[in-house]
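Contents: one structure, followed by commentary.
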Amino acid sequence: MKLPMKTSLGLSIALLALAACQRTGSMNGKTDADVKLTAYPERVYWGDTHLHTSNSVDAFAFGAKLGPEDALRFARGEEVTATGGLKAKLDRPLDFLVIADHSGGLGATQALYDAPRLFIRDPTLLRWHDTMHEGPQGRLKVTAELIDLAGRNALPEALRDVEAQKKRTTKIWTTHSSIVERYNEPGKFSAFIGFEYTLMPRGDNLHRVVMFRDGKERTDKVLPYDPGQGDTPVSQLWDYMDAYTKATGGQVLAIPHNSNVSNGLMFEMVGPGGGPMTAAYARRRAAHEPLVEATQIKGDSEAHPFLSPNDEFADFGKAGWDIGNLTMQRKSTPDMQAGNYVREALKRGLAIEARTGVNPYKFGLIGSTDSHTGLATGDENNFFGKHSGVEPGPARASAPQNLGNTQGRFGWQYLAGGYAGVWARGNSRSAIFDAMLRKETYATTGPRMTVRFFGGWDFGKDALKGDWVKAAYAAGVPMGGDLTGPKGAPKFIVSALKDPIGANLDRVQIVKGWIDAGGKLHEKIFNVVWSSPETRKAIGDRLTPVGDTVDIATASYRNTIGAPQLATVWTDSEFNPAQKAFYYVRVLEIPTPRWVLFDVLRYKAKLLPGTRLKDQERAYSSPIWYHPKG
C-alpha cells in the first residue's frame, strides 16, 4: 500500500552528495570480492525479496513496531519480540533479505502518530492521529481508510507536501541503508537495499519491488521512486532505473507482484494507451523486469481454473483473491483473468514475440512473503499474518480482512508464504543478483524444497548418475535458460528433494506452453515422475491421488505417503520443432495442514464454513524456452 506523495523523477534522482559519503562496513568486514565463488551454482540460497517494516506507511498504521534492524535479525535466525508480544524465530535462518518498504509516504504515518496534536491543521489527519492513538482497532480503521483513499486518488492534500516528504524520505532512506550495510555479511547473509513501487490506479495492483545490486555508496545517491496517485505509466519506473544506472554505474531490477489483483493490467497484450505493444516497449519491460513474484501472502498467481480448466491443481490460493482488485473497488470479470496470471503471461509473451520479435514476458519465477510485520516467515506453523493487526490469535482466521475495506475477503484466505530459491555461485549481493538476472530461480509457497531443472538435447539414460549437476551444466541449460534447435526432441532433467524438515513429495509436473503456426496458444501439463508409481497409475492426464494423512485434530501429518525425492529425465514426445515453447516445473507436496488449523489448536479459533484446512504446498521453477533455429 502507499501514501502517494508525488515525487518527481528529477527529485528522486537528485544526488545526495553528503549522504553518499556515509559509508558503513559490513558485519564481518568482508566485501563481495572476498566470497569464493563456485564454478557453477552448487546450492540454493533462500530468501525473501518483499518484506515491510514499520517504515512502510501502512505497516506502521496497522501497528507494526518492528523496524529494519529487527527484520534483519529475524531473517538471520535470531529471536525477536513481535509487535503483539509473542516471541518469534525462524526454525532456519534465511540466506538473504530485501526490505522493500513502500516508497510512497515512507515513514509518514509514524510521523503523524508522533506529531504534537496542536500542530496538525488538516481535519482528516487530525482525526487519523486521534484514532490511531485509540489503540489497535483505531489503527486498523485508519489504515483501511488510508488505503481506500489512495486507491481513489483522494488522499488529503496535506499528505502531498513534496518538500516535507523529501526531507523525511532522505533521512529514513540513508539511515535504512546504513542498517542494511551493517547486517550484510558476504559469504553468510546478503542484505539488499530496495523499496516497493506502489502504483495502484483505481485499486488495480501494479506494484513492483525494486532491488539494488549495490551498497549505500551508490543507493544513497537517489531516493526511492514514488509514482504518486492516479495512473502513471510504469515506463517512468524504468526511466528511474536507467537514470540510476547512468548516474552511479550500479544495477537495479524490478519484480512485479500480486498480478492476481491487477484486474488484467499486469500482463497486457497492448502497450501504453491501448495500442499494439511495440518491440521497443517489450524489450524495455523484459530488460527491467527479469523476475515475477508468483506466490505470496495475498494469494497465488501461477494459474487459474478459468484459464486452465484441465489443471486439477490450479485453484491453490485463489479463494477470495479472484473476485476483485486489491482494494475491491472494482470487481474482476472473466475477460480480466488472462492478464492476471503468470502461466497465461508466459503464453502471451510467445504471441507478442511472434508479432514483434521480442518477448516482454520472458521472466523467471520467485516467491516472497509481502509480510507487513517485519517478520519474513513463510511457514504454516509460524505464520504471523499479513500485518501486525492480525498476528496469531483466535479471531484472525474468520475476520473480514480485505485491505482498504472489510468487504469480500476473510483471514483464512491469506496464505503463509512464500520464499525465493536462488541458484547462485555464492552468498553475496552480486552473486545472488546475477543469478536473478539469469533467472536461475524458483518460487515456493513456503517449504524449502530443492528443485533442479535442466534442458538439453543429449541427456542420456545415465544423466542422473555421478556428478550429474556438473555434467548437466556442461551439456544443457538450467532453469531460466534457452534451448535453440532442434536437435531432435528436447530432454529435461528434473530433480526435487523434499524440505529436510517438511513433507514428502506427491509428484513433479512439467508445464508446457506453445504457439502454433496459426498463432493459437496452448498449454499442457505432464506428470513426469511421482511417488509410489507401482500403485498409482496414470488415467489419461490424471494420476491416482497421493492420499491424505492430515490429522485435523492435531494439525499434523505423516510422511507415510509420498516420496522424499523424485527425479527423472523426461523427453517431450509431442515436440514440434517449428513451434516456440516454454517449459517449467511444478512440484507438489503431499497434503499438509494450513495455518488456520494451528490457530484452532493453539487458540481454539472458530472457523467459518468453507475454510480451507489443508493444501498441497508447491514449487514453481523458472521456465526454459525453446526457440527454433533461424
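The values are calculated or read from the model by the stated rules, or taken from the named source; none is laboratory data. Nothing here was measured: the structure is a model prediction, and the numbers come from that model. Positions of Cβ are backbone-derived with ideal geometry, glycine not excepted, and every protein chain shown enters the neighbour counts. All accessible areas refer to the heavy atoms of the entire protein, side chains included, with ligands and DNA or RNA removed. Shrake-Rupley method; radii C 1.70, N 1.55, O 1.52, S 1.80 Å.
So that you can scan it fast, the table gives a plain yes or no per residue for (1) surrounded by fewer than 24 Cβ atoms within 10 Å (Cβ to Cβ); (2) within 17 Å of the chain's Cα centre (by Cα); (3) under 14 Å from residue 95 (Cα atoms):
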{"residue": "39", "(1), (2), (3)": "yes, no, no"}
{"residue": "42", "(1), (2), (3)": "yes, no, no"}
{"residue": "46", "(1), (2), (3)": "yes, yes, yes"}
{"residue": "52", "(1), (2), (3)": "no, yes, no"}
{"residue": "60", "(1), (2), (3)": "no, no, no"}
{"residue": "64", "(1), (2), (3)": "no, no, no"}
{"residue": "67", "(1), (2), (3)": "yes, no, no"}
{"residue": "70", "(1), (2), (3)": "yes, no, no"}
{"residue": "73", "(1), (2), (3)": "yes, no, yes"}
Discussion item. Cβ-Cβ distance below 8 Å, separation of 6 or more or different chains: which pairs start in segment 439-458 with a residue that is closer than 20 Å to residue 614 by Cα and end on one that is in a loop (DSSP other than H, G, I, E, B) and of a type in the set (Phe, Trp, Tyr)?
Written reply: 445/316
Worksheet item: Is it fair to say residue 301 is open to solvent by less than 10 Å² (accessible area, probe 1.4 Å), without any contact (Cβ under 8 Å) to a residue 60 or more places away in the chain and not hydrophobic (A, V, I, L, M, F, W, C)?
Response: yes
Fill in: Enumeration of residues in segment 522-568 that are crowded, with 17+ Cβ neighbours inside 10 Å, on the phi < 0 side of the Ramachandran plot and touching a helix residue (DSSP H, G or I) at 6+ places or on another chain (Cβ under 7 Å)
523
Worksheet, complete the sentence: Looking across segment 453-474 at residues that are among the hydrophobic types (A, V, I, L, M, F, W, C) and in a strand (DSSP E or B), the single one that is nearest to residue 495 (Cα to Cα) is 453
Practice prompt. May I ask you to list pairs of residues, at least six apart or on different chains, whose Cβ atoms are under 8 Å apart, with the first in segment 65-90 being of a type in the set (Val, Ile, Thr) and the second being in a helix (DSSP H, G or I)?
Written response: 80/70; 80/73; 80/74; 83/388
Practice prompt. Taking only segment 232-271 into account, find how many residues are exposed (fewer than 14 other Cβ atoms within 10 Å of the Cβ) and either among the small types (Gly, Ala, Ser) or in contact with a helix residue (DSSP H, G or I) (Cβ under 7 Å, 6 or more places away or on another chain) (or both).
Written response: 1
Discussion item. If I filter segment 327-380 down to residues being closer than 30 Å to residue 66 by Cβ and hydrophobic (A, V, I, L, M, F, W, C), which single residue comes out as farthest from the chain's Cα centre (by Cα)?
Written reply: 328
Response to the item:
In segment 150-185, anything over 19 Å from residue 223 (Cβ atoms) and at pLDDT 90 or above is listed as 182, 183, 184, 185
Worksheet entry | residue 587 in contact with a strand residue (DSSP E or B) (Cβ under 7 Å, 6 or more places away or on another chain), surrounded by 15 or more Cβ atoms within 10 Å (Cβ to Cβ), modelled with pLDDT of 95 or more and assigned to a strand (DSSP E or B) | yes
Practice prompt. Tell me which residues, restricted to segment 475-499, are assigned to a loop (DSSP other than H, G, I, E, B), in contact with a Lys or Arg (Cβ under 6 Å, 6 or more places away or on another chain) and crowded, with 21+ Cβ neighbours inside 10 Å.
Written response: 480
Worksheet item: Only one of (1) within 21 Å of residue 166 (Cα to Cα); (2) outside any loop (DSSP other than H, G, I, E, B); (3) among the charged types (D, E, K, R); (4) touching a strand residue (DSSP E or B) at 6+ places or on another chain (Cβ under 8 Å) fails for residue 239. Which number is that?
Response: (4)
Discussion item. List pairs: first residue in segment 106-121 and more than 22 Å from residue 223 (Cβ to Cβ), second residue part of a helix (DSSP H, G or I) and of a type in the set (D, E, K, R) anywhere in the structure, Cβ distance under 8 angstrom, at least six positions apart or on different chains.
Written reply: 117/130
Discussion item. If I filter segment 185-203 for residues that are of a type in the set (Asp, Glu), surrounded by 24 or more Cβ atoms within 10 Å (Cβ to Cβ) and in contact with a Gly (Cβ under 9 Å, 6 or more places away or on another chain), do I get at least one hit?
Written reply: yes
Worksheet item: Is it the case that residue 218 is surrounded by fewer than 24 Cβ atoms within 10 Å (Cβ to Cβ), outside any strand (DSSP E or B) and touching a Gly at 6+ places or on another chain (Cβ under 7 Å)?
Response: yes
